[in-house]
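Asks: Mind looking over this structure? Questions follow.
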Amino acid sequence: MPYCALRLPHPGNLVIQQPFFATEPWCLRETRLDLDILAQSESVFALSNGHIGWRGNLDEGEPHGLSGSYLNGVHELRPFPYAEAGYGYPEQDQVMINVTDGKVIRLLVDDEPFDVRYGELHSHERCLDFRAGVLDRRVEWTSPSGRRIRVDSRRLVSLVQRSVAAICYEVEAVDHQVRLVIQSELVANEPSMPASSDPRVSFAIDDPLRAQFHANEGLRCELLHSTTFSEQLMAAAMDHVIEGPESMKVHSESFDDLGRVTVTVTLEPGERLRLVKYVTYGWSAERSSEALRDQVDGALVAALDTGWDGLCSQQLEFLDDFWGRADVEIEGDDEIQQAVRFSLFHVLAAAARSERRAIPAKGLTGSGYGGHAFWDSETFVLSVLSYTMPEAVANALRWRHDTLPAATKRAQSLGLEGAAFPWRTINGAECSAYWPAGTAAFHVGADVADAVIRYLHTTGDQKFEASVGLELLTATARLWSSLGHFDPEGGFRIDGVTGPDEYSAIADNNVYTNLMAQRNLLAACDAAERHRDGALALGVDRAEIARWHRAAQAMIVPFDLALGVHSQSERFTDHEIWDFAATTPEAYPLLLHFPYFDLYRKQVVKQADLVLAMFLRGDAFTPEQKRKNFEYYERLTVRDSSLSACCQSVMAAEVGHLALAYDYLAEAALMDLGDLEHNTRDGLHMASLAGAWIGLVAGLGGMRERGSTLKFAPQLPEGITRLAFNIEFRGRRLRVEATTSATNYVLSQGEDLEIVHFDHSFTVSTKQESTFKSTSDHSRRTALTAPSQPQGREPAKRLADPARREEKQ
């Protein structure tokens, strides 16, 4: 079944909604190659482990939409070309660069290059297997001179051996004797993509790598390069195991930007040649070139010792364990079933072996957003990983901890105490040149603190809290204490900040920012009390704890009494409402067609802001406030950000709009498979991928974490008949299964766990499962009037019956 485009694509922009993308529960399969969406398919077929990222480029390197090989953290610096600079402006941008490409395996058939654009392509299939963690490709092609061959390749980026990627490449002569030349390459400084005016697209740096060393011996090649301004070293090495007729010959060579192993052989019909290519990577800003070369050489030896079958077995075992913790099952919607597993696979791949590195907004699947990490890593991606792979969360937060010196320096430059974490970054320094969205988005500190709080609640990791957690909570609490002030009435104000909604900036008392800062301050108080010696070592005395507590208790939360809703920030509801009726579909996203000045002074919301606050700080709102707030902001929110749909899905479910929750769930889940933001070509949206899980587990599953207790309130929309998901919580593994008639809780591992089903507290154990009959609240749901959205920005309706859904398409 083709994917449904939930919003109309921009004219001339193709989306991945073709019938040759099959709907299957455990893989993404493409049964025909379409060069018009090659760049998008390269993103969805990307492989990563959080350290290495390989886009799903064709083995032969050409054609390609956007060639990409990345190492997490490897970047180059460039000065910001300010026309008029100001005090405190960031001086340098950080740009993720394309590192040495180890994917390339070129093939010549009787001196003619294997190129899908020439000759006759009989069949072409690619399949990303979510359980095996490999990308398979099978091609049958006839050369212009009439020689038919079959090519099978399998590619992986190891989730176990952090520095290793590998390809098994096999060629078979089909109906004639063929003379083959295979060129397996390491290629540096590949041509960059063309420039774009879209701010979501990375600035391209041409030839970012400077050659330092190259070598070749036997079937092995190695290249060493450096960057100019960031002063980083990166090395890549490759080795091979080749099986074929005895007549084959092998030759290797290396140059500054190229390492090549060439195999020549003649195959008779039915004969095959098999080449296994092992590629290893390493980089450092501190170690010597000799140490780096030793690292990649050592990793190469380990990969060869493991062997191809061993790497595949390790990958399968790793993923078996992950799916045991994280799988989500859906009955009634095969597209969403596939999409959520696709999402979980890529979220895992972005973080599994990142190990004290950032999780970029596009992961390592493309160069979009310059390879920068934003606050959505903590708020969305780490939210999922806290319940599915908590060790990855600890590593991501240790990266934030490692960047504390840069954040502290940034705060000092702004005249503040504590730490001001950057809105976008690679190395920890702020690299947003637009200060209303960057510098003023102080909520990032609270988002980091919230991720710390969530991790501690889901793991109970006291050792982490006493070291990393305490220092992060302290540094961020100090920021709020110095950024805010008490007004004459005793209220604590945080003025001149930008919340998650990027169409509103430099606002006073943004509700999201204030409520998240409040949680941050109270958590810092609690941590300092629990770890007095550690707090004293950081200079935290009783007087400072008392100031934090007083600020939290006096935090101002704006509320419009006339409208009966919370104002997103002070006086936001007094602004003129944006003229949605006069805004054409082609004018979205608004940021590409209207000046920020106009957006900032109108009631128009780019992405969930107050609605996100209600999700993350639900304890601060009454049920009636949630319902009225949701309906008010629903008609203002245009969802020009991929971060919005999952938040709206969660809150729509909570306030009783289940059909709308389902619509938004589908939008989040199919963001990249449908190319809904028209920039999947530049990489996948990690936060929206995480949003697929959030929409299902927190939305339809109703899961909320309140301290050390989990609460569930499952409710299924028409069309979904069963939802089951696994989570890890404080060393336990819990499975929740909801149907239209009952909800079942099973503890498969760990000590007894107290949880809440709606308002009923109970204990689940490994000895006995707990089942609750579903109670219908259909009358309340049907009594609610469906809220409206801005004209032309309604989510596509998710039809309940798959047959009717297909008929509509």
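Asks: Taking the conditions exactly as written (of a type in the set (Phe, Trp, Tyr) and in contact with a Gly (Cβ under 8 Å, 6 or more places away or on another chain)), does Phe559 satisfy them or not?
Replies: no
Asks: Could you tell me how many of the residues in segment 282-313 are in contact (Cβ under 8 Å) with a residue 60 or more places away in the chain and among the acidic types (Asp, Glu)?
Replies: Result for segment 282-313: 1.
Asks: Evaluate the following for Ala659: is it modelled with pLDDT of 95 or more and surrounded by 24 or more Cβ atoms within 10 Å (Cβ to Cβ)?
Replies: Spelling it out, it is not the case that Ala659 is modelled with pLDDT of 95 or more and surrounded by 24 or more Cβ atoms within 10 Å (Cβ to Cβ).
Asks: Kindly indicate whether Asn427 is part of a loop (DSSP other than H, G, I, E, B), among the polar types (S, T, N, Q) and more than 27 Å from the chain's Cα centre (by Cα).
Replies: The answer is no for Asn427.
Asks: I would also like to ask the following. Test Arg400 against the stated conditions and say whether it is under 17 Å from Asn72 (Cα atoms), in a helix (DSSP H, G or I) and of a type outside the set (Gly, Ala, Ser).
Replies: Judged against the criteria, Arg400 is a match.
Matching residues to (1) closer than 30 Å to Met671 by Cα; (2) surrounded by fewer than 22 Cβ atoms within 10 Å (Cβ to Cβ):
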residue: Tyr281; (1), (2): no, no
residue: Glu286; (1), (2): no, yes
residue: Asp321; (1), (2): yes, yes
residue: Gln338; (1), (2): yes, no
residue: Ser343; (1), (2): yes, no
residue: Ala350; (1), (2): yes, no
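Asks: Sticking with this one: Confirm whether Phe615 is surrounded by 15 or more Cβ atoms within 10 Å (Cβ to Cβ) and part of a loop (DSSP other than H, G, I, E, B).
Replies: Considered against the rule, which asks whether it is surrounded by 15 or more Cβ atoms within 10 Å (Cβ to Cβ) and part of a loop (DSSP other than H, G, I, E, B), Phe615 comes out as no.
Asks: Find the residue count for segment 128-165, including only residues that are assigned to a loop (DSSP other than H, G, I, E, B), among the hydroxyl-bearing types (Ser, Thr, Tyr) and crowded, with 19+ Cβ neighbours inside 10 Å.
Replies: Total meeting the criteria: 3.
Asks: Output the residues belonging to segment 273-289 that are in a strand (DSSP E or B) and closer than 30 Å to Gly50 by Cβ.
Replies: Once the filter is applied, which keeps residues that are in a strand (DSSP E or B) and closer than 30 Å to Gly50 by Cβ, segment 273-289 yields Arg274, Leu275, Val276, Lys277, Tyr278, Val279, Thr280, Tyr281, Gly282, Trp283, Ser284.
Asks: Cβ-Cβ under 6 Å, sequence separation 6+ or interchain: first residue in segment 691-712 and on the phi > 0 side of the Ramachandran plot, partner open to solvent by less than 10 Å² (accessible area, probe 1.4 Å) and part of a strand (DSSP E or B). Which pairs?
Replies: Gly702/Phe712
Asks: Kindly establish whether Gln212 is at negative phi, surrounded by 15 or more Cβ atoms within 10 Å (Cβ to Cβ), part of a helix (DSSP H, G or I) and among the polar types (S, T, N, Q).
Replies: So Gln212 does not fit the description; no.
Asks: Being polar (S, T, N, Q), touching a strand residue (DSSP E or B) at 6+ places or on another chain (Cβ under 7 Å), within 27 Å of Glu170 (Cα to Cα) and in a strand (DSSP E or B), is that true of even one residue in segment 226-242?
Replies: no
Asks: Look at Asp640 and say whether it is touching a residue at least 60 places away in the same chain (Cβ under 8 Å) and either in a loop (DSSP other than H, G, I, E, B) or β-branched (Val, Ile, Thr) (or both).
Replies: It is true that Asp640 is touching a residue at least 60 places away in the same chain (Cβ under 8 Å) and either in a loop (DSSP other than H, G, I, E, B) or β-branched (Val, Ile, Thr) (or both).
Yes or no, residue by residue, for (1) open to solvent by 20 Å² or more (accessible area, probe 1.4 Å); (2) touching a residue at least 12 places away in the same chain (Cβ under 8 Å); (3) touching a Lys or Arg at 6+ places or on another chain (Cβ under 7 Å):
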| site | (1), (2), (3) |
| --- | --- |
| Val393 | no, yes, no |
| Arg398 | yes, yes, yes |
| Asp402 | yes, yes, yes |
| Arg410 | yes, yes, no |
| Glu417 | yes, yes, yes |
| Gly445 | no, yes, no |
| Ala451 | no, yes, no |
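Asks: Looking only at helices (runs of 4 or more DSSP H) that fall completely inside segment 510-591, which ones have 2 or more residues that are out of contact with any His (no Cβ under 8 Å at 6 or more places or on another chain), open to solvent by 70 Å² or more (accessible area, probe 1.4 Å) and of a type in the set (Lys, Arg)?
Replies: Those helices (runs of 4 or more DSSP H) span 542-553.
Asks: Looking only at segment 65-98, count every residue that is open to solvent by 40 Å² or more (accessible area, probe 1.4 Å), touching a residue at least 40 places away in the same chain (Cβ under 8 Å) and in a loop (DSSP other than H, G, I, E, B) and tell me the total.
Replies: 2
Asks: Being assigned to a loop (DSSP other than H, G, I, E, B) and in contact with a Lys or Arg (Cβ under 9 Å, 6 or more places away or on another chain) is the filter; apply it to segment 644-675 and report the residue that is nearest to Arg341 (Cα to Cα).
Replies: Across segment 644-675, the extreme among qualifying residues is Gly674.
Asks: Output the number of the condition that Gly270 fails; it satisfies all remaining conditions of (1) part of a strand (DSSP E or B); (2) within 12 Å of Val171 (Cα to Cα).
Replies: Here Gly270 meets the rest and fails (1).
Residue by residue, here is whether (1) at pLDDT 95 or above; (2) among the small types (Gly, Ala, Ser); (3) out of contact with any Phe, Trp or Tyr (no Cβ under 9 Å at 6 or more places or on another chain) holds:
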| position | (1), (2), (3) |
| --- | --- |
| His566 | yes, no, no |
| Glu570 | yes, no, yes |
| Asp574 | yes, no, yes |
| Asp579 | yes, no, yes |
| Ala582 | yes, yes, yes |
| Pro585 | no, no, yes |
| Tyr600 | yes, no, no |
| Gln607 | yes, no, no |
| Ala613 | yes, yes, no |
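Asks: Looking only at segment 171-190, decide whether some residue is modelled with pLDDT under 95, within 40 Å of the chain's Cα centre (by Cα) and acidic (Asp, Glu).
Replies: yes
Asks: Of all residues being assigned to a strand (DSSP E or B) and crowded, with 19+ Cβ neighbours inside 10 Å in segment 28-49, which is farthest from the chain's Cα centre (by Cα)? Just the residue, please.
Replies: Glu30
Asks: Please specify each residue of segment 491-509 satisfying the condition of being open to solvent by 30 Å² or more (accessible area, probe 1.4 Å) and either in a helix (DSSP H, G or I) or touching a Lys or Arg at 6+ places or on another chain (Cβ under 9 Å) (or both).
Replies: Correct list: Glu502, Asp508.
Asks: Further question: Can you give me the ranges of the strands (runs of 3 or more DSSP E) entirely in segment 695-809 with at least 3 residues that are modelled with pLDDT of 95 or more and either surrounded by 13 or more Cβ atoms within 10 Å (Cβ to Cβ) or among the aromatic types (Phe, Trp, Tyr) (or both)?
Replies: 709-712, 722-729, 732-739, 742-749, 753-757
The values are calculated or read from the model by the stated rules, or taken from the named source; none is laboratory data. Note that the structure is predicted; figures quoted are calculated from it, not measured. Backbone-built Cβ (ideal geometry, glycine too); neighbour counts: all protein chains shown. Side chains included, ligands, DNA and RNA excluded: accessible areas come from the protein's heavy atoms. Shrake-Rupley method; radii C 1.70, N 1.55, O 1.52, S 1.80 Å.
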